[in-house]
Structure formats: structure tokens, C-alpha cells
1. Can you run phi through the Karplus equation (6.51, -1.76, 1.60; θ = phi - 60°) for the range B:101-113 and list ³J(HN,Hα) in whole Hz, with x for Gly and Pro?
2. I need the semi-axes of the equivalent ellipsoid of the range A:191-440: take the C-alpha gyration tensor, multiply each eigenvalue by 5, square-root it, list largest first in whole angstrom.
3. How far apart, in nm, are two points set 7 Å out from the Cα along the Cα-to-Cβ line at A:S248 and at A:D357?
4. Shielding by partners for B:114-122, please: the mean number of other protein chain Cβ atoms within 10 Å of each residue's Cβ.
5. Calculate the translational D of chain A in whole µm² s⁻¹ from Stokes-Einstein, where the hydrodynamic radius comes from the Kirkwood formula applied to all Cα pairs, the temperature is 20 °C and the viscosity 1.002 mPa s.
6. May I ask for the angle, rounded to the nearest 10°, between helix A:222-231 and the longest principal axis of chain A, with both axes built from Cα atoms and the value confined to 0 to 90°?
7. How many partner chain Cβ atoms sit within 10 Å of a residue's Cβ in peptide B:80-87, on average, as a whole number?
8. May I ask you to evaluate 6.51 cos²θ - 1.76 cosθ + 1.60, the Karplus curve with θ = phi - 60°, for each residue of the range B:133-147 and list the ³J(HN,Hα) values in order in whole Hz, giving x for glycine and proline?
Amino acid sequence: MSTADNCSSQPEANASIGRMDRPAELTRNIDVSNLVDSEGGLIDRSIYTDHTIYGQEQRRVFARSWLFLAHTSQFKKPGDFFTTFMGEDPIIVTMDKTKKIRAYLNSCRHRGVRLCRADAGATKMFTCTYHGWSFDLAGALKSVPNEQAYPEDFDRNKWSLIEVPNVQIYKGLIFGNWDHAAEPLEETLGDMRYYMDAMLDRDPEGTEVMGGVMKWELEGNWKLAAEQFATDWYHVNMSHASALMVLSPTGRGPKPEIVATPGRQFVSENGHGAGFPTHPKSRFDAKPVHEYYDYEMLRERLGDAAVEGPMTTGHATVFPNFSYLPVNGSIRVWHPKGPDKIEVWAWVLVDKSMPDDVKDAQRLYNLRTFGPSGIFEADDGENWSEIQAISRGFVTNQVPLNFQMGIGSEKEDGTYPGKTSELYSDAAGRSFYKHWSKLMNTPAWHEKKEEA
Amino acid sequence: MTQDATSDSKEFELAGQLVDSELSYRIAQFYFREAELLDDGRFADWLEIFEEDLFYFAPLRTNRLRRQAALSIGREGEAAYFDETKESLAWRIRRYDSGMAWAEDPPSRTRHLISNVTAHWVSKTELSVRCAFLVYRNRLQTETDIYAGGRTDTIRLREDGSFGVARRELLFDANVLQAKNLSTFF
């Protein structure tokens, strides 16, 4: 599938961003070099708690990275819409009259009210409930009550919705980027595409989501979750001991050879990460789904290594805050809601060609393992909130966290694309924070040069 | 029960009507007893109130434009908070017995409050019972969650006179669930 690159023209309305010449005091930037030691594997806890760092993150990480918006199957007809967030910015994603997916800031250009208050639906116009400014699917301001009272030079074209200038699609996943000159999505993903394909490209027809989005909130910084999905197989045996026990055929937990399974962890310079066991019996997929797959066909389609690795069981994060679990069919966004709060949005993803009973087996497996009532998910949330809850302590906050597992283990292994480390490793975590730190210390597209 | 045993083929005369005060009282006591089992952490005993063919369902609720309000409650076959059988509930309960279910270790304190119970006859052996629930959870030091919602049960009258819940639909009054997990039952 190709990308829908619409970065050619920055809409005129977007030229208004920052036009008021904000005083520099509103945006203080901190040099985070000393807070992330990606070589030595140490992380300062303030990056999870500090409000100034959090604000800088909104400006320099979220406002310039490719952020997951929605799945293409959520849009069938022009006017279908879905509302979400990019960082803390509210976004409307919709299909315009030409069937192009577009994304807008969900805020009226007049007095800034949240324009659309529904989570999803279908419409022809987005009309503000405050004074009635009304915008069409292309973001154009079509109607202004009492327009004659504005000055003669009032030009509706200058008051279109603020559009996300870059919206691109990778195999059903729609991403948006506020930087109109951003490197294309596929280049940013790089080798990560190979690992994503083990979930997105098993079926020539692609994937689709089943129903709505599970949403819940937990105490914790968004990076705790994003980093874990990028790099952390290590926690599985301890954190999820109870879930592994009830899932194992004996009911007593996995055999030692499964606990000690070999595997690889993909490490990306762009902050992405993906880990997966390579033991043929280390699989935790739903039985009807496992029986449905034609593994010979998949080996031809994706290659032996993909079927024996990232298609077994695994975890992954696309930097910064989109994560997925290929075997559970879970795709999710960790929406930041302040330094100490995450709103988790999780979808159920299935292959389009699956028969209904297989889709349903995948759906049930997803809900029962991951999701607010999932037997794996609950124990993750407990750990993250217990990191966050105590980190306000002055001494606690100053004691660095350890990310030293597998230092120096990254290499080209000749089988898996890009650099990989061992399954049990913090390598992708170190590179997640390295990339985060680089973005935090580099002025973004919206900053004036002298602010560097 | 006092119904005419010969009217199987005919329309059940009480269908759609509220149950009488004695049955209403027994249903309320049944629910209060159920709440006690949950608050006491006796999940295996709690499971026995359900019929073997149980369908236990908690759909998602989304904000929709008023003209599309019919879509605001998720349907069967979609993503949901719970979509369970008796077997899958048993599987969840076994997890708590493992001694390694950290999200409930130390265990939360819960109080399940049940009110607004209305029970209608469906057939000679089935009732449709609605109620409201408010579940308070207090965890560790100060963590508190309140889960509010409505519940619609299909209750079967078992031959021994006891009740068996064959279908339970939970409607959480929430869009974004204001809790880090659903590690209790409702």
C-alpha cells in the first residue's frame, strides 16, 4: 500500500500557528543530556515527573513525530469521522469528499471551543455549538452567522480549520505529523516495517478493527508504557506469572525452556523497538487463530524468519506512543495526560479475510488478555502506577533507573533486518530514550532559529 | 409458582408483568448475597450463581451525536469491557488463586451496592431483572475507584427453587473508564 502524501502545501490557515509572537518565557527548554545516559543505561526519574519537561515533550516530541491517529477501516464513506489526540492536542480525523483521510485540530477557529464532541460518527459539516461557525470536510469555513458585522477585510479562507499537514498511511494504520517537512512515514519506520508486517501483512486483504476503542486511564508517565512495549520481555515471567499460569496447558505455568526462550529484540535509531521469542513452542495465540493460519503460505509471504519470530508472540512500540501486540491483535496509543497520567486507547485488530468465527476468537482473546479487564494488562498497569505514585519523593526521584541489560549486544545478526539484541535486553529502551533525548534537545519546526 | 401448568403452548399470562412482593424480596436478597460474596473475595462461590450457558457482557459506550445515539452502546461481537462465558470467568478467577496476580495483591477493598431492582416475568421459568450498581474500590493507601452502572439479568428459576443467572449485561456509565483496570466483578 502506498502512502497518501499531502505535505505539498501547508494550508494557509496553518500559517497562523504562533503568529502572535509568544514571549519566550512561556516556553522554557531544558537540556536533557544529563537525564538520559543511553550508553551507560541510566535514566533520571525526573523525565517522568517534571512539568517543564512534559511541556517541552509536547512541543519537541509530539509536535514533530509521526503519531497514530486511527485505522483506515474506521472510515468507509466521506464524512465518517473519529476524534482523537496528538499529544494533548484534540484532533478530528475524517474522510473528505475525495475519500482522502484528513486530520484537523478539533478546536473552532473563532473562540476555540472543541468543535466535535462525538467520539465517532458521520457528518457533512462540523458546526461549533458556541456561535455557529461551520466547517466542511475540507476544513473550510463555510458559514459565519452575522458575517456582515466583521470588518470588510475579514476573509473566511484565513479561518479554515488548522490542518495536520502530513497524514500518511502504512498498511491500514493512519499516522499524522504536524511537521510539514517531516521525513516520510515509511522512512521513519525503516526496518520497523518488517516487524510490523508480521501483524499487518499476514493477509493480502489487510486488517480491520472490530468495534470501538477501549479507553481507560491510569497513573503513570506515558513513556513507562511505551518503553515497556518497545524493549521489555524481561517483565513477562514475573509480572504476568498468574496469567501465564492459567494460559499454560498444564495450568502450572510455562516450562523452563519456554521461560528461557531465545529471541531477538529489534533496536531502531528512530526510537522504535520490537521483541519476540524464536522458540517454536513459545506461543500464546488463540487456538482457533493458530489453526486457521496457513503457515506455509505465510512463510512464502513474509519469510521464514518473520513466521518464526515476530509472528509468534511479541511486543512493539512505534516511537513515540503507538504500541502493538501481534498475537493478541491489540493496537494502542498511550495518550499523555500530564506527566503522571496516561489514557490508554486500545483497538481489536483482525485480518480481513478471517472467517467470522476466527475473528471472534481473536477478539475474545484480545479482550481477555489485554484491555481494561485483560489478565495481562491489569498487572502492567499496577507496576506503572506504583513507579509513578512514589516518584514525587525528593530522594526517590533522584535515584536513577537501570537500563543496563544487554549493553553492547546490538548487532546485525544476518537474519533479522536492522540491528537486533537479545530477547531479554534493554537495548530498544536505551535507544527509545536516546531518540527522545535527541528530539528534546533539538528545536522543532515551529521554533524560531535563535531559540536553539 | 402459581401459573397454569397446562398453558405451555399459550402465551404466558404474566409475561411483561412485575413479580409479586415475595419474589421481589427473594431477588433482592439474592443480589445482596451475591454482593457479599464479591466483597468477601469468594469468587468461586460467586460463580455458582450463573447457569452453564452464561453470557456475561459489558459493551463499550461512546459519545455520539444525538441523531446517531443508537450507536452509543457497543454491540455483541465488538470490542467490549467483558464478553465472557462461565468458563472464561472461571479462568479469570483461577488467576487470583495463583498467588501472583499482582494487580490484586494486596487485595483491594470493594463494596458492591445494588439498588433500583425491578423484575419482570419473561416466561414461566425466566425473569428479566434490572438494577443499578455502584462499586467502590479502595486500594493500597488512597487509590479509589467508583464504578457506576446498570445491570440487566436474565434469571432462570431452577427446579430446586433457586435462581440462576443465564445472561448479564453490564452498562458502565463511563466513556473513558476512570480506573486503571477492571479487576473485580460486577
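1. Those phi angles translate into 8, 5, 5, 10, 9, x, x, 6, 9, 10, 9, 9, 9 Hz.
2. Working: eigenvalues 152, 90, 65 Å².
Over the Cα atoms of the range A:191-440, the semi-axes work out to 28, 21, 18 Å.
3. 3.1 nm
4. On the way: counts 0, 0, 0, 0, 0, 0, 0, 0, 0.
Mean shielding by partner chains, rounded to a whole number: 0.
5. Numbers: Rh = 23.0 Å.
Diffusion coefficient, whole number: 93 µm²/s.
6. Tilt relative to chain A: about 40 degrees.
7. On the way: counts 10, 6, 5, 8, 4, 1, 0, 0.
Counting Cβ atoms of other protein chains within 10 Å of each residue's Cβ and averaging gives 4.
8. Karplus values, whole Hz, x for Gly and Pro: 10, 9, 10, 9, 10, 10, 9, 6, 6, 10, 5, 10, 10, 10, 10.
The numbers here are math on the coordinates, done by the rules we state, and not lab data. Not measured: the values here are computed from a predicted model. Cβ sites come from the backbone with ideal geometry, for glycine too, and all protein chains shown count toward neighbours.
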